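The values are calculated or read from the model by the stated rules, or taken from the named source; none is laboratory data. Note that this is a predicted model, so its numbers are computed, not measured. Using ideal geometry, Cβ is built from the backbone for each residue, glycine included, and neighbour counts are taken over all protein chains shown. When the accessible area is computed, the model is the full protein with side chains, heavy atoms only, and any ligands, DNA or RNA have been set aside. Shrake-Rupley method; radii C 1.70, N 1.55, O 1.52, S 1.80 Å.
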Amino acid sequence: MAKWQFTKGLHDIGNGCWAWLQPNGGWGWSNAGLITDGEASLLVDTLFDLKLTGEMSDGMRQSVPQAASIGVLVNTHANGDHTFGK
């Protein structure tokens, strides 16, 4: 099994799936996901605030062309660290 580094930023986890990680993972530092298929894209969770979500969006757009226009957003639950950055 591959060892994944827990470093801040976008990580390609394969098959059109990406993880945006925010170490240290403490309170308010959630992670998010991007799923792509062809030109379609789905974002899994926003982050704790607009600044963090903007940084994530910029990083995703720089690395993944489909992130230029997110077609669907899925918030996994209503806690602020997953929804306040919408």
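Among the residues of region 56-72, not a single one is part of a strand (DSSP E or B), closer than 16 Å to T83 by Cβ and open to solvent by less than 50 Å² (accessible area, probe 1.4 Å). Residues that are assigned to a loop (DSSP other than H, G, I, E, B) and among the polar types (S, T, N, Q) were ranked within region 25-51; the one that is most open to solvent (accessible area, probe 1.4 Å) is N31.
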